[in-house]
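Data first, discussion second: the structure below is written as structure tokens.
The values are calculated or read from the model by the stated rules, or taken from the named source; none is laboratory data. Note that the structure is a prediction, hence the values are computed from the model and not measured. Every residue, glycine as well, gets a Cβ built from its backbone with ideal geometry; the counts of neighbours run over all protein chains shown. Areas reflect the complete protein model, heavy atoms only, side chains present, ligands, DNA and RNA absent. Shrake-Rupley method; radii C 1.70, N 1.55, O 1.52, S 1.80 Å.
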Protein chains: 4
Amino acid sequence: MISLECDYNVGAHPAILQRLSETNLETRPGYGCDDLCESAAEKIRLACQCPEGDVYFLTGGTQTNSTVIASMLQAYEGVVAADTGHIASHEAGAVEYTGHKVLTIPHKNGKIPPEVLNAYLKGFFEDSNHEHMVFPGMVYISHPTEYGTLYTRSELERISSICKEYQIPLFLDGARLGYGLMSHGTDVTLPDIARLCDVFYIGGTKVGALFGEAVVFTRQNTPPHFVTQIKQHGALLAKGFLLGLQFDTLFTDDLYFKISKHAIDMADYLKEILLEKGCQLYLDSPTNQQFILMEDSMLSCLDGQVAYRFWEKPDPDHTVIRLVTSWATPKEDLDHLKEILPDPS
Amino acid sequence: MISLECDYNVGAHPAILQRLSETNLETRPGYGCDDLCESAAEKIRLACQCPEGDVYFLTGGTQTNSTVIASMLQAYEGVVAADTGHIASHEAGAVEYTGHKVLTIPHKNGKIPPEVLNAYLKGFFEDSNHEHMVFPGMVYISHPTEYGTLYTRSELERISSICKEYQIPLFLDGARLGYGLMSHGTDVTLPDIARLCDVFYIGGTKVGALFGEAVVFTRQNTPPHFVTQIKQHGALLAKGFLLGLQFDTLFTDDLYFKISKHAIDMADYLKEILLEKGCQLYLDSPTNQQFILMEDSMLSCLDGQVAYRFWEKPDPDHTVIRLVTSWATPKEDLDHLKEILPDPS
Amino acid sequence: MISLECDYNVGAHPAILQRLSETNLETRPGYGCDDLCESAAEKIRLACQCPEGDVYFLTGGTQTNSTVIASMLQAYEGVVAADTGHIASHEAGAVEYTGHKVLTIPHKNGKIPPEVLNAYLKGFFEDSNHEHMVFPGMVYISHPTEYGTLYTRSELERISSICKEYQIPLFLDGARLGYGLMSHGTDVTLPDIARLCDVFYIGGTKVGALFGEAVVFTRQNTPPHFVTQIKQHGALLAKGFLLGLQFDTLFTDDLYFKISKHAIDMADYLKEILLEKGCQLYLDSPTNQQFILMEDSMLSCLDGQVAYRFWEKPDPDHTVIRLVTSWATPKEDLDHLKEILPDPS
Amino acid sequence: MISLECDYNVGAHPAILQRLSETNLETRPGYGCDDLCESAAEKIRLACQCPEGDVYFLTGGTQTNSTVIASMLQAYEGVVAADTGHIASHEAGAVEYTGHKVLTIPHKNGKIPPEVLNAYLKGFFEDSNHEHMVFPGMVYISHPTEYGTLYTRSELERISSICKEYQIPLFLDGARLGYGLMSHGTDVTLPDIARLCDVFYIGGTKVGALFGEAVVFTRQNTPPHFVTQIKQHGALLAKGFLLGLQFDTLFTDDLYFKISKHAIDMADYLKEILLEKGCQLYLDSPTNQQFILMEDSMLSCLDGQVAYRFWEKPDPDHTVIRLVTSWATPKEDLDHLKEILPDPS
């Protein structure tokens, strides 16, 4: 069975397992107060060119989103997101569970258009009735987005500038950040993100780690007693050094970037195969998530051989599916997929 | 440096690392819907003699406590706990963050005396004013307790029976459950716990795993859409199979119990050493946490050589410290401690 | 100054003040456990033809919405509302503050089209990913809507039937219910609402009372310990008998309906005047809220003479304003408005 | 039936009803943006000798407590209260419902002893483990307390000084403030309270109003967008002018103080009667709540004639009851009580 269903379907990069074994019985203090976390944080600050960044390690994406968002919002504030944003749609209301509204605005290919954001914020503050409304207190974007798309540097700069104008922090969800940074043609670098965002996280779960996300507060703007708030959210890992170890490994010798590039190469190869077979790209994603419009007759060839995710059914004869590569996708799997799919008639 | 500070200071039992390596690149579905989780659940059901139990795996203790408690309480209910209970004191208000009060009653050596519980519940429902009060909706006990003490089977039976009488579920926090079950002289078995509690968790983080706690609902009483609620709490691990793998390993060939016994043996040896050196037990703990009353002159011998936790200062010349053994404590460390400590004069 | 800004700009119907005076120094038990609340509840049950209804009195609309919604939802559920719904837009996130998402669907003239609701619910439960999403646990409609529009009986029946199919309770926000029931041409009666909704409230604040809303649970479906939940929301009035007194008065001799009719008569007269003067109805509201498209030159005639609410600016020369009548609007005010406005050229 | 059960058992002082009638059909803006609220606020600032105070009007005590507390705490903070504090015991968990823990410390006659508060705060910040605990973020006291007792000025000064040292705001719940200020022998004045507290409220519900509490922020420390937060709590009264009208009346010509004094006079008379009849004071309350130890044989004389509240049963032959006077208690009722009770044998 070829698994192209998601990018969290295997363990960790072997270098991480190796290091887990090497350090397994060494004793360390709990809750992230250890040498590995400190070393990983320092390497991340360097990679971000953000010497004043504060780095914290959490376990998973939804947990990170709700902890960061809740700890940065005032009670009367909500977080602005695209209506396709992960926090708006697929996190089971984790943000609302903390008492805050997700204020959705219409997406374009999964992204928030800067002009739409600007119009929304302008409209809010001009509305004489806004004291009875939820105040926008943060802007949330994902990069890559839930549709695999990427902001350009110029778009990020405009969004960042709008946020500054309204004094609202910008939070970037980088669950798949490596795949965004290694995408061909992107002009957005990790230092750009650190420069333009107030807080963001570097995803580990989907990019080489067993689990773990690295949150970076870029402007000495860490919420007060953030460790206590992490604990309050049930998000403080007892053996925090496991997170430090993983990120320290990923940010040694550019491992994070190298393994991300592999996923992009595999996604390119996947696209090539699918186009050759006569499929259509449902939307043009430059990252590791591909949304494919496939004839149902062809789709049936995947049964029992390829794990994928159903996306939607645009007409009776076609289906859109999501296929995902990762740092771990074997090229052989794609070669095999090529054999499985029939040639176009 | 000898580390007796806590029981979450090293990695995992080598069998777990071994298995992580073996399965690392095998693909599995996410979010706990995999063969390893199912196998682990089945082994746990067997060990509990609870064929109808529902088993879920979460990452850490505070997370497990707040997720289980919040999902089982009605809005107008709180959870009854000893005032020394972990949820009442050292979880940064994680339960209150979900909107529920922790209703504390006085402990005795870290335990809830059954008669105190009964009097509390009787008093609550007899109070004509109780519609303006938080209803007791669950009873929380830890076993071993935060003081290392254990309930007897008879005490558990009485508490369970009181809970049944008032139709309030009983939840047992087993963060260190293995150490309780392997304590000399305890008459409480894992099947007893499954029989007497409505829900409990088997701690992995402190007993051989990298991380992870196994929640068991014993009476087909899993809250509706519990997976959604786990997600909402930010507690649903993407690579859930890592939890399954760990618990499957721990519940194969009684590994969980064998490694727990080692911690108890080491605690016994530790006590023997300390008593021989003239220290006093601050309270008599039959498990892996020892609370020691030490002269300050002796305490200074530990400086830079032994990591321990300060507990309290009962008088100007003495200090109470906590020393903790675990599945991983080397006997050599205790031999060395014996050398470090001066003989009594 | 003529006040057409809102329908909560004066005190109460004189019959209420009269009764307040008569009973002022009579002693009564607190928290709604009194003869006046019981009498009012009984009269409401009769008016609703709902002998099994449970009636509770709260103070204001937002409070009632968040208390009823939060007490009827499970933690993993949200409430479905039109994107124009009051709870979605102008209650400062009161529902989210209780931990629940407002799941918005597109409105049509302020109403939820039954087919849109059906498609949303069908889509949700068919989505294989819905365990990671907020479950729809209630449908919220307002009647009249925030746009002054009304559901037909047939629409309500379809919505009610969809809710039953999906086993989701239907909640009707009747902040201006009297004005809806007395609208010319409506075929919806109070017994219809009691028959078709699982819970609704009859607004007093905007319809003759100083303050107060009467919640009716129609199917013996009052949430457990609802009084405790009201208290928890800070919504339990100490002198609850004041609410009973007001609703008892309003539901004696059809006072609630008679005074509502006056507001409708005044709204009709208002429309007649405005159309005669050449204004346009921005949307055709059959109730006491009128949305008027006015030339800015005419609008300036209102300055300092008429209080209204700005709604929006569709083009540089026109403005949409909201004008509202109530049970207390003097006909003389409208006569005077007629004089103020210039005749069409 | 003589009602000594509570101090919220009748309507309002006649001057309030009179003014309601006079202004009933005058139109005013909603939500507290009116001349009556402004006038009342100004009179309260004068009475408090606090020209920079911000004054807000809410409807009831529990609502006021939870709104003020939640809006002043950070997420990781809780509120310190005596274990007998109303927020800790009889508000149905309203504070916890907003996500915050009530941190209880032992009371003495309903009061927080300053040295107990100091020891608690010192202990908290010295505990090396306090990052895993709920931070004390506010101190809550009630004056009069739930036991009818009063702080001395010196005690308030010490508590205020401790709060300042730890930079924690002091909040005084004045649900029965008038009765405290008019108590014989108290040396605490309203300006003292404004000087020593960061925020407090002046109770109206129990002291002459139909409903309403006036919150005073004394140090230009109103939480940001407090009106939005009031709305979010469902606590923003549409016809806010009703609250302004009531407090404007109560703070005209010292009405609030004069009617409070009547309750104290009546309480003194009540005590005199009861002592004469051989009852004992269960605790010595200088305000309008009296806690009386009565022989059960005497208690039976009250049946059907006097409404009181059961407090506790200290032994088989005696009962403690609470008797409460108010601004509205008729002296005739007490004369009649005197006749009902048998003379001591």
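Data for the structure
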read-out	value
Residue B:155 within 13 Å of another protein chain (Cβ to nearest Cβ), under 20 Å from the mean Cα position of the chain (by Cα) and of a type in the set (D, E, K, R)	no
Residue match in segment B:145-167 (condition: touching a residue at least 60 places away in the same chain (Cβ under 8 Å), out of contact with any Lys or Arg (no Cβ under 9 Å at 6 or more places or on another chain) and at positive phi)	no
Residue match in segment B:116-125 (condition: at negative phi, open to solvent by 10 Å² or more (accessible area, probe 1.4 Å), part of a loop (DSSP other than H, G, I, E, B) and among the aliphatic types (A, V, I, L, M))	no
Single match in B:115, B:126 (criterion: among the charged types (D, E, K, R) and at pLDDT 95 or above)	B:115
So residue C:108, is it crowded, with 24+ Cβ neighbours inside 10 Å, more than 22 Å from residue D:63 (Cα to Cα) and of a type in the set (D, E, K, R)	no
Residues that are open to solvent by 60 Å² or more (accessible area, probe 1.4 Å), charged (D, E, K, R) and more than 9 Å from chain D (Cβ to nearest Cβ), drawn from segment C:20-38	C:22, C:35, C:38
Where residue D:295 falls short, out of the listed (1) within 14 Å of chain C (Cβ to nearest Cβ); (2) free of Cβ contacts under 8 Å to residues at least 40 places away in the same chain	(1)
Residue count for segment A:289-345, restricted to those that are assigned to a helix (DSSP H, G or I), crowded, with 17+ Cβ neighbours inside 10 Å and in contact with a strand residue (DSSP E or B) (Cβ under 9 Å, 6 or more places away or on another chain)	5
From the options C:74, C:49, C:63, residue that is open to solvent by 20 Å² or more (accessible area, probe 1.4 Å), under 22 Å from residue C:230 (Cβ atoms) and touching a residue at least 24 places away in the same chain (Cβ under 8 Å)	C:74
Number of the exception - residue C:201 against (1) open to solvent by less than 20 Å² (accessible area, probe 1.4 Å); (2) part of a loop (DSSP other than H, G, I, E, B); (3) on the phi < 0 side of the Ramachandran plot	(2)
Residue match in segment A:147-158 (condition: of a type in the set (Phe, Trp, Tyr), surrounded by 24 or more Cβ atoms within 10 Å (Cβ to Cβ) and either not in a loop (DSSP other than H, G, I, E, B) or not assigned by TED's automatic domain parsing to the domain that holds residue A:322 (or both))	yes
Pairs, first touching a residue at least 12 places away in the same chain (Cβ under 8 Å) and more than 13 Å from residue D:330 (Cβ to Cβ) in segment D:256-275, second surrounded by fewer than 16 Cβ atoms within 10 Å (Cβ to Cβ) and of a type in the set (A, V, I, L, M), C-beta under 8 Å, six or more apart	D:271/D:281; D:274/D:281
Unique residue being in contact with a Pro (Cβ under 7 Å, 6 or more places away or on another chain) and of a type in the set (A, V, I, L, M, F, W, C) when the list is C:33, C:37, C:48	C:48
Of the criteria (1) without any contact (Cβ under 8 Å) to a residue 24 or more places away in the chain; (2) not assigned by TED's automatic domain parsing to the domain that holds residue A:231, which one residue A:42 fails	(2)
Number of the condition not met by residue B:12 [criteria: (1) at the interface with chain A (Cβ under 9 Å from one of its Cβ atoms); (2) of a type in the set (A, V, I, L, M); (3) out of contact with any helix residue (DSSP H, G or I) (no Cβ under 8 Å at 6 or more places or on another chain)]	(3)
Residue among D:105, D:141 that is within 10 Å of residue D:80 (Cβ to Cβ), in contact with a Lys or Arg (Cβ under 8 Å, 6 or more places away or on another chain) and modelled with pLDDT of 95 or more	D:141
Inter-residue pairs, beta-carbon under 7 Å, first assigned by TED's automatic domain parsing to the domain that holds residue D:58 and in segment D:228-241, second of a type in the set (D, E, K, R), 6+ apart	D:228/A:131; D:231/C:91; D:240/D:34; D:241/D:28; D:241/D:34
The lone exception for residue D:244 - which of (1) facing chain C (nearest Cβ under 8 Å); (2) open to solvent by less than 10 Å² (accessible area, probe 1.4 Å) it fails	(1)
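For every residue, the table says whether it meets (1) closer than 17 Å to residue C:77 by Cβ; (2) in contact with a Gly (Cβ under 9 Å, 6 or more places away or on another chain); (3) without any contact (Cβ under 8 Å) to a residue 12 or more places away in the chain; (4) not assigned by TED's automatic domain parsing to the domain that holds residue C:168.
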position	(1), (2), (3), (4)
C:91	no, yes, no, no
C:96	yes, yes, yes, no
C:103	yes, yes, no, no
C:106	no, no, no, no
C:123	yes, no, yes, no
C:128	no, no, yes, no
C:131	yes, no, yes, no
C:134	yes, yes, no, no
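One line per residue, one yes/no per condition, for (1) more than 30 Å from residue B:30 (Cβ to Cβ); (2) within 14 Å of chain A (Cβ to nearest Cβ); (3) surrounded by 22 or more Cβ atoms within 10 Å (Cβ to Cβ):
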position	(1), (2), (3)
B:170	yes, no, yes
B:179	yes, no, yes
B:184	yes, no, no
B:217	no, no, yes
B:223	no, yes, no
B:240	no, yes, yes
B:261	yes, no, no
B:269	yes, no, no
B:272	yes, no, no
